[in-house]
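Novice: Submitted below is the structure of interest, expressed as C-alpha cells.
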Amino acid sequence: MGDIRYPLSFNQYTAKTKWTLRQAIEGCARHGVTGIAPWRDKLAECGVKTAAKLIRDAGLKVSGLCRGGMFPAADAAGRKAAIEDNLRALEEAVGIDARCLVLVCGGLPVGSKDIAGARQMVKDGIAAILPHARAAGMPLAIEPLHPMYAADRNCINTMAQANDICDELGEGVGIAVDVYHLWWDPDLKAEIERAAKTDPRRIQAYHICDWHYDTKDRLLDRGMMGDGVIDLPLIRKWVEDAGYEGYAEVEILSSRWWDADPDDVMRLCIERHRTVC
C-alpha cells in the first residue's frame, strides 16, 4: 500500500491471553505502535489511574475503550443496572482519555423473541447515558455486529441501523466501523457516505482484521489482515473518503493468535497494516 494514512492502534484483545494491559502498553512502545485500545476487564486489573499514567508516559493515544452497551434486559432492574454500568464505563473512558467509548449494544433478553423491543431498549439506553457523555465530552460509538450475533451480543447489525440511531439521538453518538462485522453489507459504501454527509465526525473508530473463507468459530476465528476475503483497501478508501481521522485499530479475536507470541503477532500486524490494508 505504501501510503498509510491511519496510524495503527493495537486492540488489547489481539493478545488477550498473554499480555496484561501494562504488557500491551510496553509492547506498543517497544514496536513503535502509537495507539492502544484497552478492554474494561484488563483496565480494571490495572486500575484506571495507573493505566492512564502508563499510557501517557509511553506516548500512546487511546483509540477507544471497549466496551459499553449491553442495554437490553428482561426487567427494569436489569436495564437500570446496565445504565449504571455504562456510566462507570464513561468515567473510565474519560480517565484514560479515550477517543470514544465503543458500544456493543446487547442482544435479546434470555427467553425473548422480540428483536424490535430489544432494539428499542438499545436506543433508550443510549439516550439515558447520552447527556452524561455529552457533558464529559466522550463520544459514544455504536459498533454494529454481524447478524450472527443479533441474539446474544448485539441486535444492531448494520451501519444503516446505527446511522438511524445517530440521526434520532443527535450529537455525541457515532459509529465504530469494524470490517469483520460489516464487510458483507451491500449498502456499506452508501451508509459510510451517509454518515459522512450527516456529520463528518460520525465515524469514531475503524477496526481491521479479516474474515476467513472457512471460518471455524463465530467468535474466536478472526483472521489476520490479508488472510481472508475482506477487500481491506476498498473499505479503507470508503472510510478515508468519508473524512475519518483516527486510527486503524487491529482487533483480532482468535484462539490461534492468542496462542502465538504477542511480540510476533504485533510485528505481523504492523507488516500487514503496511502491505495489505
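Novice: Quick one: is G117 surrounded by 17 or more Cβ atoms within 10 Å (Cβ to Cβ) and of a type outside the set (A, V, I, L, M, F, W, C)? Working first, answer last.
Specialist: Working: surrounded by 17 or more Cβ atoms within 10 Å (Cβ to Cβ): no; of a type outside the set (A, V, I, L, M, F, W, C): yes.
No, not satisfied.
Novice: If you don't mind, there's one more thing I want to ask. For region 231-277, which helices (runs of 4 or more DSSP H) that fit wholly inside it have 3 or more residues that are at pLDDT 95 or above and under 22 Å from I203 (Cα atoms)? Give the derivation first.
Specialist: Numbers: elements: 232-241, 255-258, 262-275.
Output list reads 232-241.
Novice: I need the full set of residues from region 28-45 which are within 20 Å of the chain's Cα centre (by Cα), surrounded by 15 or more Cβ atoms within 10 Å (Cβ to Cβ) and of a type outside the set (S, T, N, Q), in order please.
Specialist: Answer for region 28-45, where residues must be within 20 Å of the chain's Cα centre (by Cα), surrounded by 15 or more Cβ atoms within 10 Å (Cβ to Cβ) and of a type outside the set (S, T, N, Q): C28, V33, G35, I36, A37, P38, W39, R40, K42, L43.
Novice: Please work out which one of (1) buried (at least 16 other Cβ atoms within 10 Å of the Cβ); (2) basic (K, R); (3) under 21 Å from R236 (Cα atoms) is the condition K197 fails and give its number.
Specialist: Going through the list (1) buried (at least 16 other Cβ atoms within 10 Å of the Cβ); (2) basic (K, R); (3) under 21 Å from R236 (Cα atoms), K197 breaks only (1).
Novice: A follow-up question, please. Across region 82-141, what is the total count of residues that are over 19 Å from C166 (Cα atoms) and of a type in the set (K, R)?
Specialist: Counting residues in region 82-141 that are over 19 Å from C166 (Cα atoms) and of a type in the set (K, R) gives 2.
Novice: Same structure, new question: Test G78 against the stated conditions and say whether it is assigned to a strand (DSSP E or B) and either farther than 20 Å from V250 by Cβ or small (G, A, S) (or both).
Specialist: Values: assigned to a strand (DSSP E or B): no; either farther than 20 Å from V250 by Cβ or small (G, A, S) (or both): yes.
When the stated conditions are applied, G78 does not pass them.
Novice: Is there a residue being farther than 17 Å from Q12 by Cβ and either buried (at least 18 other Cβ atoms within 10 Å of the Cβ) or touching a helix residue (DSSP H, G or I) at 6+ places or on another chain (Cβ under 8 Å) (or both) anywhere in region 258-272? Write out each step before concluding.
Specialist: So in region 258-272, the residues farther than 17 Å from Q12 by Cβ come out as 271-272.
Then drop every residue that is not either buried (at least 18 other Cβ atoms within 10 Å of the Cβ) or touching a helix residue (DSSP H, G or I) at 6+ places or on another chain (Cβ under 8 Å) (or both), which leaves 272.
Scanning region 258-272, I find at least one residue that is farther than 17 Å from Q12 by Cβ and either buried (at least 18 other Cβ atoms within 10 Å of the Cβ) or touching a helix residue (DSSP H, G or I) at 6+ places or on another chain (Cβ under 8 Å) (or both), so the answer is yes.
Novice: Enumerate the pairs (first residue in region 224-241 and under 23 Å from S255 (Cα atoms); second residue anywhere and part of a loop (DSSP other than H, G, I, E, B) and hydroxyl-bearing (S, T, Y)) with beta-carbon separation below 6 Å, excluding pairs fewer than 6 apart on the same chain, so at least 6 apart or on different chains.
Specialist: Pairs that qualify, where the first residue is under 23 Å from S255 (Cα atoms) and the partner is part of a loop (DSSP other than H, G, I, E, B) and hydroxyl-bearing (S, T, Y), are V229/Y213.
Novice: If you don't mind, another one. Provide a single number: the residues in region 148-176 that are aliphatic (A, V, I, L, M) and over 21 Å from D114 (Cα atoms). Give the derivation first.
Specialist: Within region 148-176, the first condition is being aliphatic (A, V, I, L, M), and the residues that meet it are 148, 150-151, 156, 159-160, 162, 165, 169, 173, 175-176.
Of the ones still in play, those that are also over 21 Å from D114 (Cα atoms) are 169, 173, 175-176.
Of the residues in region 148-176, 4 are aliphatic (A, V, I, L, M) and over 21 Å from D114 (Cα atoms).
Novice: Filtering region 157-174 down to residues that are within 14 Å of L130 (Cα to Cα) and β-branched (V, I, T), which residue is surrounded by the fewest Cβ atoms within 10 Å (Cβ to Cβ)? Explain how you work it out, then say what you get.
Specialist: Of the residues in region 157-174, the ones within 14 Å of L130 (Cα to Cα) are 165-174.
Those still in the list that are β-branched (V, I, T) too: 165, 173.
On the way: I165: 21, V173: 25.
Applying the filter and picking the extreme gives I165.
Novice: Okay, moving on. Could you tell me whether L220 is surrounded by fewer than 24 Cβ atoms within 10 Å (Cβ to Cβ), touching a Leu at 6+ places or on another chain (Cβ under 6 Å) and either under 22 Å from I235 (Cα atoms) or among the hydroxyl-bearing types (S, T, Y) (or both)? Outline the logic, then answer.
Specialist: Values: surrounded by fewer than 24 Cβ atoms within 10 Å (Cβ to Cβ): yes; touching a Leu at 6+ places or on another chain (Cβ under 6 Å): yes; either under 22 Å from I235 (Cα atoms) or among the hydroxyl-bearing types (S, T, Y) (or both): no.
It is false that L220 is surrounded by fewer than 24 Cβ atoms within 10 Å (Cβ to Cβ), touching a Leu at 6+ places or on another chain (Cβ under 6 Å) and either under 22 Å from I235 (Cα atoms) or among the hydroxyl-bearing types (S, T, Y) (or both).
Novice: Let me ask you something else. Kindly evaluate A89 against the criterion of being free of Cβ contacts under 8 Å to residues at least 40 places away in the same chain, assigned to a helix (DSSP H, G or I), more than 23 Å from W258 (Cα to Cα) and not polar (S, T, N, Q).
Specialist: Working: free of Cβ contacts under 8 Å to residues at least 40 places away in the same chain: no; assigned to a helix (DSSP H, G or I): yes; more than 23 Å from W258 (Cα to Cα): yes; not polar (S, T, N, Q): yes.
No.
The values are calculated or read from the model by the stated rules, or taken from the named source; none is laboratory data. Nothing here was measured: the structure is a model prediction, and the numbers come from that model. As a convention, Cβ positions derive from the backbone with ideal geometry for all residues, glycine included, and neighbour counts pool all protein chains shown.
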